[in-house]
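Undergrad: One structure is given below, represented as structure tokens, and several questions about it will come after.
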Amino acid sequence: MSLWWWLLLACALGFAIKFSGYLLPQRMMDNPRMSRVAATLTIGLLASLTMVNAFSGGQALTLDARVVALGAAAVALWLRAPFLVVVIVGAVAAALTRLTGWG
Amino acid sequence: MSGGGNWLEVPALRYSQMMSSTVPSSPAPGTSWRKSPAVRVGLSISIATGLYAISFGALSVTAGLTFWQTMILSLFMFSGGSQFAFIGVIGGGGTGVAAMSAATLLGIRNGVYGMQMNALVRPKGWRKVVAAQVTIDESAATASGQLENSEQRRGFWTAGLGVFTLWNLFTAVGALAGDALGDPQQWGLDGAAVAAFLGLLWPRLQAKQPASIAVVCALVTVLTIPFLPSGVPILVAAAVAGAIGWFKHDAVPAGMAPDIEPYEEPYSEHDLDHYAKDHTVHGQNDPGNDR
């Protein structure tokens, strides 16, 4: 099977997963336990995605310019900067760090 | 919101009525899309995330995919993590089936977002298909970061459709001009992604319990990255977070409440003081919540 077929299958599965969430009965989400799980899941996934984007180099932990971006973004958030400023601060921090030759 | 058919106007009207009488200094965010804080957040996220697609497009063609394979991923898979996983496996010499598995595992969380967004946005008919396709990290987080239902819907659609448009535009730009741009990391675009995810997480960390869940899940992720295929640590962290939610028996703590129907259950038109007080605490004095 060529790469095209796996690619199209992956796209179809991706949409099917998304769509399945919309087909479940609404009653399931009125359950307080389900809303707790959904809430903790969101926090856990966002925390996890932050870490993966900052420290993962494939299947290894890496320390590079992204950790500087993470720190700079945290400072910007601490200073209550708007979201877009936070994102730009992250990009600039990573780019400047690489200009110094590290990461 | 029992009907949910007219998702543009019904909640906006209710909210603006309440706000105009209780918090006069507020810009009445429920009254128009133009003044809506959720739309601002959604547009910011669209631009930030969209620009990041330059690096996806460039990395994808570098990994050996064709221009159209790259575009099909952005148009139809449309989930940043899954797309990067797919081209990451191919670029690393992996097989098509391995690339598909990694992308699909990473896409499972979109099913969870789908359940959440179905409860918040309640799309009908063909809108359900569109909503499903634009259900991603950014649209789900933008929606659930808002307190009012009308704002949640605006946030979802703005971020979802905005990211979709710009993500595909900049995927094409990246795929065509990627080599000319050089290394996208030189522009710090991977740092921008880190900052974006932290920025989405940050407003949820106001209370103690959400913060500890985030710390636990962050640790689980970092500790499992070296031992599991890429993408799977995120699912392990999700399982841990889900288990914490499942076995906790106390009420949904502050900081988590915005996720599901903050509008319908806890407040009613007869409880304006409660609503205004709570809204002031979370929405007015806390720029982190509405950015």
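The values are calculated or read from the model by the stated rules, or taken from the named source; none is laboratory data. Please read all numbers here as calculations on a predicted model, not as lab measurements. Positions of Cβ are backbone-derived with ideal geometry, glycine not excepted, and every protein chain shown enters the neighbour counts.
Undergrad: Can you find even one residue in the stretch B:242-250 that is modelled with pLDDT of 85 or more, facing chain A (nearest Cβ under 8 Å) and farther than 23 Å from B:Leu120 by Cα?
TA: Scanning the stretch B:242-250, I find no residue that is modelled with pLDDT of 85 or more, facing chain A (nearest Cβ under 8 Å) and farther than 23 Å from B:Leu120 by Cα, so the answer is no.
Undergrad: Go over the candidates B:Gln152, B:Gln116 one by one and state the one that is assigned to a helix (DSSP H, G or I) and under 19 Å from A:Leu24 (Cα atoms).
TA: B:Gln116
Undergrad: I've got another one for you. When you go through B:Ala131, B:Ala175, B:Ala159, B:Ala141 one by one, which is the residue that is in contact with a Leu (Cβ under 9 Å, 6 or more places away or on another chain), farther than 20 Å from A:Asn53 by Cβ and in the same structural domain as B:Val41 (by TED's automatic domain parsing)?
TA: After applying the criteria, what remains is B:Ala175.
Undergrad: Can you find a residue in the stretch B:124-131 that is in a helix (DSSP H, G or I), under 14 Å from the mean Cα position of the chain (by Cα) and free of Cβ contacts under 8 Å to residues at least 60 places away in the same chain?
TA: Scanning the stretch B:124-131, I find at least one residue that is in a helix (DSSP H, G or I), under 14 Å from the mean Cα position of the chain (by Cα) and free of Cβ contacts under 8 Å to residues at least 60 places away in the same chain, so the answer is yes.
Undergrad: Output the residues belonging to the stretch B:46-69 that are crowded, with 19+ Cβ neighbours inside 10 Å, of a type outside the set (Gly, Ala, Ser), assigned to a helix (DSSP H, G or I) and facing chain A (nearest Cβ under 10 Å).
TA: Once the filter is applied, which keeps residues that are crowded, with 19+ Cβ neighbours inside 10 Å, of a type outside the set (Gly, Ala, Ser), assigned to a helix (DSSP H, G or I) and facing chain A (nearest Cβ under 10 Å), the stretch B:46-69 yields B:Thr49, B:Leu51, B:Tyr52, B:Gln69.
Undergrad: Being surrounded by fewer than 24 Cβ atoms within 10 Å (Cβ to Cβ) and among the aromatic types (Phe, Trp, Tyr) is the filter; apply it to the stretch A:48-103 and report the residue that is modelled with the highest pLDDT.
TA: Per the stated criteria, the residue is A:Trp78.
Undergrad: Take the residues in the stretch B:96-143 that are closer than 21 Å to A:Leu8 by Cα and more than 8 Å from chain A (Cβ to nearest Cβ), then tell me which one is surrounded by the fewest Cβ atoms within 10 Å (Cβ to Cβ).
TA: Across the stretch B:96-143, the extreme among qualifying residues is B:Val130.
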